[in-house]
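The values are calculated or read from the model by the stated rules, or taken from the named source; none is laboratory data. Just so you know, these numbers come straight off a predicted model, no measurement behind them. Ideal geometry is used to build each Cβ from the backbone, glycine not excepted, and the neighbour counts take in all protein chains shown. Note: areas computed on protein heavy atoms with side chains; ligands, DNA, RNA excluded. Shrake-Rupley method; radii C 1.70, N 1.55, O 1.52, S 1.80 Å.
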Amino acid sequence: MYTNYKNHLDSLLNEIRKAGLYKNERIIVSPQGAEIELNTGQKVLNFCANNYLGLSNDPSLIEAAKASLDNHGYGMSSVRFICGTTDLHKELERKIAEFFGTEDTILYAACFDANGGVFEPLLSEEDAIISDSLNHASIIDGVRLCKAQRFRYENADVTDLEKQLQMAQNMRFKLIVTDGVFSMDGNVAPLDKIVNLANKYNAIVMVDESHSAGVVGKTGRGVTELFNVKGQVEIITGTLGKAFGGAIGGFTTGKKEIIEILRQRSRPYLFSNSIPPLVAAAGIRMIEMMTETNKLQDKLHFNAEYFINCMKKLGFDIKPTKSAICAVMLYDARLSQVFASRLLKEGIYVIGFYFPVVPKDQARIRVQLSAAHETEHLDKAVMAFGKIGRELGVIK
Ligand SMILES: *Cc1c(COP(=O)(O)O)cnc(C)c1O
């Protein structure tokens, strides 16, 4: 029996390869950081991690994690409601709520689970979910698990959002859901306008701050800070796997009744293991660091602006961005791959994206800035981009 199935999988894999969509993984043998070492022995500057605040290998987070191993052990061997809740889990939930100015927080093993488990317990057939067309896969999957009627609006397009809200007018409850920062362009959701429309049409609002928490807004509180709408968004989801330390874990934070229902009904919370105490301990330290000072957020903002200005001066076409994501537009799929592999030879690790990850003829190299980068790292990357850009005729 397996022979037939194996042949089927082999031909599927061949199709993926033939389409040029096969994903190969590079192997890192050092900690995550600005400079990393690959198993080939090559040392490269990393511009493709979500390590926005440079905390993935932060000594004080490592210290907090180590200390918790001694006083709280390694694993919980339980879901939260049976025997998987420690004082550390509760403290981290409280700290995340304080950070975002919300009422309560529920932790998950990942933001994928937070989004997967948020819609189904809260909404049913009589309700409507109005979702941005470029929302993350985990939002799309979460919406699929829910019986509410689905409406989709064009990316960050408030005119289309209003049209969809009018179509959903007669539904009982309406939820607008959007990513805070969209990962391919680095643009932000127009949250001030979204909140206005939500008020006008009596809808509630959910924002996924995965790429914006710690990054966007003067103190890194995300798009609710950037647009000055703190307290006007009922549900925020986010990850501990990006700016917030980069390990693992996700959360939903917001109105206390919403969080209370999720603790009773959200399936990834009820039927999946509790995060290890060491992740909670490091998470607590991480929020403390970001509350004590804005040093990391400021450095990230400086780095992003510095890099983007240098690239524009060289003549590169950069997508408008309000985050630490910088899309260097090349428009041609093959060129994006050649450009990225030439950069790797120069010691700059970035990824070229093309259809179907981005629209046809919108191929680009995505650069992600980090507070871990020093100015000399940025200069080296800009120099390499300039050299290869001229060689490949992208800039003059
Ligand atoms: C990365 C990401 C997620 C998934 O987060 P994990 O914690 O890694 O599961 C969810 N939503 C958005 C918008 C993301 O960028």
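Test CYS83 against the criterion of being within 14 Å of the ligand (Cβ to nearest atom), open to solvent by 30 Å² or more (accessible area, probe 1.4 Å), over 14 Å from THR252 (Cβ atoms) and at pLDDT 95 or above, and give yes or no.
no
If you take the residues of region 144-192 that are farther than 23 Å from PRO320 by Cα and in a helix (DSSP H, G or I), which of them is nearest to the chain's Cα centre (by Cα)?
Per the stated criteria, the residue is ARG144.
Mind checking which residues of region 82-140 are in a strand (DSSP E or B) and within 30 Å of ASN71 (Cβ to Cβ)? Working first, answer last.
Step one: of region 82-140, the residues in a strand (DSSP E or B) are 104-108, 128-132.
Matches in region 82-140: ASP104, THR105, ILE106, LEU107, TYR108.
Take LEU107 and tell me if it is crowded, with 22+ Cβ neighbours inside 10 Å, more than 16 Å from the ligand (Cβ to nearest atom) and modelled with pLDDT of 95 or more.
no
I need every pair where a residue in region 129-141 that is more than 17 Å from LEU191 (Cα to Cα) has its Cβ under 7 Å from the Cβ of a residue that is β-branched (Val, Ile, Thr), sequence separation at least 6 or different chains.
Listed pairs, sorted by first residue: ILE139/VAL177.
Identify the residue in region 229-264 that is within 11 Å of the ligand (Cβ to nearest atom) and farther than 19 Å from ARG94 by Cα and, among all such residues, is surrounded by the most Cβ atoms within 10 Å (Cβ to Cβ).
Selected residue: LYS242.
Condition check ((1) buried (at least 20 other Cβ atoms within 10 Å of the Cβ); (2) within 16 Å of the ligand (Cβ to nearest atom)) across all residues:
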position	(1), (2)
ASP87	no, no
THR102	yes, no
ALA114	yes, yes
VAL118	yes, yes
GLU126	no, no
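Of everything in region 199-228, what is of a type in the set (Val, Ile, Thr) and open to solvent by 10 Å² or more (accessible area, probe 1.4 Å)? Give them in sequence order.
Answer for region 199-228, where residues must be of a type in the set (Val, Ile, Thr) and open to solvent by 10 Å² or more (accessible area, probe 1.4 Å): ILE204, THR219.
A quick yes/no check of all residues on (1) modelled with pLDDT of 95 or more; (2) touching a Cys at 6+ places or on another chain (Cβ under 6 Å); (3) surrounded by fewer than 22 Cβ atoms within 10 Å (Cβ to Cβ); (4) under 21 Å from PRO31 (Cα atoms):
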| site | (1), (2), (3), (4) |
| --- | --- |
| PHE307 | yes, no, no, no |
| LYS313 | yes, no, yes, no |
| LYS319 | yes, no, yes, no |
| MET329 | yes, no, yes, no |
| LEU335 | yes, no, yes, no |
| ARG342 | yes, no, yes, no |
| GLU346 | yes, no, yes, yes |
| ALA384 | yes, no, yes, no |
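Could you list, in sequence order, the residues of region 239-281 that are among the β-branched types (Val, Ile, Thr) and outside any loop (DSSP other than H, G, I, E, B)?
THR239, THR252, THR253, ILE258, ILE259, ILE261, VAL279
With the requirement that a residue be more than 28 Å from THR219 (Cα to Cα) and either among the hydroxyl-bearing types (Ser, Thr, Tyr) or touching a residue at least 60 places away in the same chain (Cβ under 8 Å) (or both), what does region 317-332 give you?
Across region 317-332, the qualifying residues are LEU330, TYR331.
What tally of residues in region 36-80 results from selecting those that are assigned to a strand (DSSP E or B) and open to solvent by 50 Å² or more (accessible area, probe 1.4 Å)?
Step one: of region 36-80, the residues assigned to a strand (DSSP E or B) are 36-38, 43-46.
Of the ones still in play, those that are also open to solvent by 50 Å² or more (accessible area, probe 1.4 Å) are 37, 43.
Here the count works out to 2.
Here are some residues: GLY386, GLY393. Which one is assigned to a helix (DSSP H, G or I) and more than 24 Å from VAL215 (Cα to Cα)? First the steps, then the outcome.
Details: GLY393 fails: assigned to a helix (DSSP H, G or I).
Just one listed residue meets the conditions, GLY386.
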